[in-house]
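Let me begin by presenting the structure, written as structure tokens, before commenting on it.
The values are calculated or read from the model by the stated rules, or taken from the named source; none is laboratory data. Because the structure is predicted, anything quoted here is derived from the model rather than measured. Every residue, glycine among them, receives a Cβ derived from its backbone with ideal geometry; neighbour counts consider all protein chains shown. Surface areas here come from the heavy atoms of the whole protein model, side chains and all, with no ligands, DNA or RNA. Shrake-Rupley method; radii C 1.70, N 1.55, O 1.52, S 1.80 Å.
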Amino acid sequence: MATQDRDRTDDDFRAEIESHVQIETDRLIAEGLAPDKAATAARRTFGNATRARERFYESRRLTWLDDLRQDLRFTLRSLRRSPGFAIVALLTLAVGLGANTAVFSVLNAVLLRPLPYRNAERLVLVEIDGLGGIPDWVRPALRTQADDLEDFTGFQTPTSATLVTNAGPVSVRAAMVTANFFSMLGIAPAAGTLFGDEASAPPNGAVLTYGFWRRQFGGDPSIVGRSITLTGTPLTIVGVIGDGFRFPTALRPGTPALDVQTQPDVIQLADARQWLTVIGRLRPGSTPASVAAEVKAAFVQESPRRFTQQYANGAAVTATPLQERLVGETRPRLLLLMGAVGCVLLVVCANVANLLLARTYAREHELAIRAALGARTGRLVRLMLTESLLLAIVGAAAAVLLARWTAGIGLSLVAERVPYVGTIPVDRWVLLFDAAIAVLVGVLSGLASAITIRSDRFASISSVSAARTSTSRMHLRRGILVLEVALTFVLVVTSALLLRTLWNLYHANRGFTGAQVVTASVEPNLSGTIPAMQPRLSAFFELATERVMRLPGVTSAAAASAVPLSGASMSMAVSLAGESATTTPLQTPVATVTPRYFTTIGTRLLTGRDFQATDVDGAERVAIVNDALRRALAPRRALIGDRLTFGKVQLTIVGVVEDTPTTSLREPTQPFVFIPLSQVAGTPFAWGRLVLLVRTQGVDRVSLVPAIRQAVWALGSDIVINQEATMSERLDASMRTERTTTLLLSCLGGIALVLAIAGVYGVVAYAVVQRTREIGVRLALGAGRGHVIGSIVQTSMRPVALGIAIGAALAIVATRAVASLLFHVTPTDIRTFAFTAVVVAATGLAAAWIPARRAARIDPVSTLRAE
């Protein structure tokens with residue numbers, strides 16, 4: 001009915017116009033003019049009837065909606081008539097918008113969404129630097145003295161354990177928590193109950209995580225109340241945690257990748273005497289800084305009986321918002337990727353803008369007709385923006401699908417280091433972001449075409465103004481191309497720097513050969529205090545290595561408390577005997593190893609001897625040091641026969657080995673001391689877990705690992721075995737984040753380079769079309785085809801060269817953002833910049849040569865005849 005009313009109103013207005021014209025015609029006829037001349041004069045007197053109707057339509061309510069509907073219908077018909085343009089533009093927009101949406105979805109899941117805990121914004125992680133957690137003797141003081149803490153709970157991060165089942169031992173991950181852990185974080189059970197409070201918590205209770213319950217027990221609800229044995233400890237299952245629970249593991253910077261176990265399978269109550277990581281909830285109005293001050297005061301008050309007052313006063317206590325602490329090192333990499341995809345988005349805008357400019361040139365005849373019929377500049381601009389916005393909206397829909405498909409890649413980027421992220425959802429915030437950048441891209445892309453449109457310029461499509469418009473469009477397209485090349489240069493040079501970093505890391509001197517070395521973490525469940533366990537630990541690993549040596553394909557086996565890239569759990573302050581009074585002791589990591597360790601791992605002995613079977617408790621205490629320690633203590637001598645002193649213990653240096661990385665290939669090699677496992681009992685050091693190393697020949701890891709497990713489990717079914725990997729896999733794991741970041745940035749740089757090639761090609765092809773008559777004349781006058789190609793390429797490479805120069809200047813500033821990610825290459829490395837300039841220039845040259853070659857094949861006769 002509303003449509004009929006609008007149509008009737010349109011008819012009435014049209015009839016009114018005709019009535020005015022007819023009245024004027026009758027008057028002129030009465031004055032003596034002929035009827036046909038009178039009608040023409042009356043219409044001339046009235047003016048442009050079409051423009052009058054447009055003004056009438058614009059004055060009506062909801063006219064803009066009618067115009068929009070008309071523009072959309074026309075745009076859809078126009079795009080259907082130009083499928084090539086539509087496909088290229090949509091693919092370009094889908095890639096650019098999709099990359100931004102995918103990275104933002106990860107950023108949203110990691111940095112913007114609240115933690116999946118109750119009152120997550122008030123949770124802080126409390127730590128004392130240098131300690132493994134908050135000591136048990138500090139926590140009671142916090143209950144009574146920390147006024148800024150509403151409540152707090154404690155936990156120990158997941159570690160490896162062995163679950164004994166009817167089918168045999170199973171390696172699992174186990175964590176320990178205080179009784180109020182689940183209630184404070186607001187976690188609900190899926191079956192049974194959780195621990196409750198300290199008064200009602202069962203002393204030997206255990207809670208299963210939902211995924212482990214489904215995998216190991218098939219989701220059987222009758223599992224509640226059943227007994228299990230976890231690393232020799234009998235436990236009773238009291239409940240199952242609800243699906244979606246994520247354990248708040250707080251990783252320290254530099255944690256080796258194979259040691260990252262963020263999600264447990266079994267959670268048990270922590271002993272009251274254990275040191276725990278503490279999560280506190282702030283009272284309203286309190287700050288993390290005030291909580292840190294209260295914890296420091298409690299620590300200083302309770303520590304005199306255990307530490308020196310100087311150490312207690314100097315201990316650094318921090319209270320960090322939980323989300324900020326859990327994100328850790330992931331934040332700068334995500335922000336870097338967000339900046340990179342933002343650059344890609346600008347390149348996409350530039351590319352689509354150039355496409356639309358070329359399309360505007362092709363539609364000059366249509367626009368001239370519209371202007372002649374009375375269309376004003378605003379109406380033409382609105383038509384152009386409708387087309388660009390429609391393309392952007394369709395591209396945004398494709399971007400959402402792309403973000404869903406790449407969610408697994410995004411999760412792999414952060415899952416290792418951000419424990420609370422289990423999925424990368426495409427939620428309403430991601431959709432709003434996608435819609436917002438789609439509108440932004442649509443406006444920016446269409447703006448270049450819109451600013452070249454003025455209705456009076458289309459008064460005559462063959463006029464001088466039209467020629468000037470084409471020239472201004474050409475200058476605008478070249479300016480956009482300069483921006484596109486500059487941004488591409490920044491992305492490509494950043495990718496090249498990271499690729500060189502990855503190459504340098506993989507080819508750095510590692511000091512070990514790992515392709516045929518299989519490693520596994522082994523923790524025998526030996527009872528008693530850890531110092532008292534050391535003689536039995538030595539006997540256990542001596543027997544274990546002998547059993548593994550009998551396996552087919554094994555050429556050597558050993559054990560060590562630390563292997564390259566696994567970090568060092570203990571250290572000591574050492575000095576050379578006789579020099580301890582005049583030199584500052586050197587804080588040095590220490591590891592205990594068995595004989596054949598250096599042979600097994602492939603580390604060269606530079607001088608001296610390896611550990612021998614005679615290096616036992618009661619014999620002369622010996623040590624082997626790495627070359628970094630020799631350089632630090634006595635760079636001009638071999639150190640063989642010298643004595644290392646730490647405390648009251650002295651070790652005779654019997655060998656020097658080449659350097660190996662402790663935690664990361666990035667870090668400078670640390671001085672390191674190795675002592676034989678058989679002599680640990682007489683030192684202040686103690687270990688409960690060692691890494692078993694097995695060198696193989698002619699057998700792969702997949703077939704060997706089960707045999708190693710069975711050989712070790714034959715010594716005890718509750719022995720914990722995990723982290724089975726070759727040393728090459730440990731190396732790959734240590735660089736997984738580096739590799740993923742480099743791969744993603746390289747892909748973005750490649751996308752930008754492809755778009756830049758398309759941009760150069762489009763600009764040159766457009767220029768060739770504009771100069772068709774000129775080229776035809778040149779060829780007719782005898783110009784060689786090579787001269788034509790050279791002239792076009794030379795003109796086309798000017799914006800490319802300018803873009804490279806501007807991009808180099810921008811890159812000098814931008815690459816400083818990745819300085820911390822580089823290894824053995826500077827952010828302004830001249831070779832990388834030169835290589836990038838050559839690559840961008842070469843691709844631009846190739847893109848310009850194709851249309852230039854096509855132009856040289858123009859038939860001058862046909863061209864001039866067409867003119």
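Quick one: Karplus J couplings for region 790-806, per residue in order, coefficients 6.51, -1.76, 1.60, θ = phi - 60°, nearest Hz, x for Gly and Pro?
Listing the rounded values in order: x, 5, 5, 5, 4, 5, 6, 7, 4, x, 5, 4, 5, x, 5, 5, 5 Hz.
Can you give the accessible area of ASP732, probe radius 1.4 Å, in Å² rounded to 10?
Looks like 60 Å² after rounding.
Near the amide H of ALA315, under 5 Å away, which other amide H atoms are found, from residues 5 or more places off or on another chain, if H is placed in the peptide plane?
Under 5 Å from the amide H of ALA315: no residue qualifies.
Note down, for the chain, the three equivalent ellipsoid semi-axes (square root of 5 times each alpha carbon gyration tensor eigenvalue), biggest first, whole angstrom. It would help to have the intermediate numbers written out before the result.
Numbers: eigenvalues 1045, 261, 109 Å².
Gyration-tensor ellipsoid for the chain: 72, 36, 23 Å.
Taking amide H atoms as placed 1.01 Å from N in the peptide plane, list the residues 5 or more away in sequence, or in a different chain, whose amide H sits under 5 Å from that of VAL172.
ALA161, THR162, LEU163
With N residues in region 307-363, what two-decimal value do you get for its Cα radius of gyration over 2.2 N^0.38 Å?
On the way: Rg = 25.3 Å, N = 57, 2.2 N^0.38 = 10.2 Å.
Ratio of Cα Rg to 2.2 N^0.38 Å: 2.47.
Counting helices only, and only those DSSP H runs with n ≥ 4, report the 222 nm mean residue ellipticity of the chain as the sum of -39,500 (n - 2.57) divided by its residues, in deg cm²/dmol to the nearest 500. Before the final figure, lay out the partial values.
Values: 27 runs with 449 residues, N = 867.
Roughly -17500 deg cm²/dmol at 222 nm, from the helical runs in the chain.
Return one whole number: the accessible area per residue of region 622-748 in Å², for a 1.4 Å probe.
38
Between THR513 and ASP700, what FRET efficiency follows from the Cβ-Cβ distance if R0 is 22 Å, with the result rounded to 0.05?
On the way: r = 16 Å, r/R0 = 0.74.
Efficiency, rounded to the nearest 0.05: 0.85.
Ignoring ligands, DNA and RNA, how do LEU413, LEU276 rank by accessible area with a 1.4 Å probe, largest first? Don't skip to the end; give the middle numbers.
On the way: LEU413 25, LEU276 0 Å².
Output order, biggest surface exposure first: LEU413, LEU276.
Charges at C-beta only: +1 for Lys and Arg, -1 for Asp and Glu. How large is the resulting dipole of the chain about its Cα centre, in Debye rounded to 20?
Details: 86 positive and 66 negative charges, 555 e Å.
I would put it at about 2660 debye.
Amide H neighbours of VAL622 under 5 Å, counting only residues 5+ apart in sequence or on other chains, H built in-plane at 1.01 Å?
THR652
Give me the percent relative contact order of the chain, please, defined on Cα pairs under 8 angstrom at least 6 residues apart.
Values: 1455 pairs, mean separation 129.7, N = 867.
That works out to 15 percent.
Quantify how much of the Cα-Cα distance distribution of region 576-640 extends past 13 Å, in percent.
Numbers: 1472 of 2080 pairs.
Tail of P(r) above 13 Å: 71 percent of Cα pairs.
For region 93-241, what relative contact order do you get, as a whole percent, if you take Cα pairs closer than 8 Å and at least 6 residues apart? Mind showing how you got there, number by number?
Values: 167 pairs, mean separation 27.8, N = 149.
Result for region 93-241 is 19 percent.
Can you find, among PRO83, PRO248, HIS787, the residue sitting farthest towards the positive end of the charge dipole of the chain, where Lys and Arg contribute +1 and Asp and Glu -1 at Cβ?
The Cα lying farthest towards the positive end belongs to HIS787.
Within the accessible area of the chain, what % is carbon and sulfur when the probe is 1.4 Å and the other protein chains stay in place?
Exposed carbon and sulfur together represent 58 percent of the surface.
May I ask you to give the solvent-accessible area per residue for region 75-201, in square angstrom, as obtained with a 1.4 angstrom probe? Can you show the working numbers first?
Values: 5120 Å² over 127 residues.
I get 40 Å² per residue for this part.
Relative contact order (percent) for region 170-214, with alpha-carbon contacts under 8 angstrom and 6 or more residues of separation? Walk me through the intermediate numbers first.
Values: 21 pairs, mean separation 14.2, N = 45.
Across region 170-214, relative contact order equals 32 percent.
For region 204-328, what does the accessible surface come to per residue with a 1.4 Å probe? Please give it in Å².
Numbers: 5420 Å² over 125 residues.
Ligands and nucleic acids excluded, the result is 43 Å² per residue.
Ranked from the most accessible area to the least, with a 1.4 Å probe and all protein chains present, what is the order of ARG14, ARG214, ARG81? If you can, show how the numbers build up before the last one.
On the way: ARG14 95, ARG214 125, ARG81 155 Å².
Descending accessible area places them as ARG81, ARG214, ARG14.
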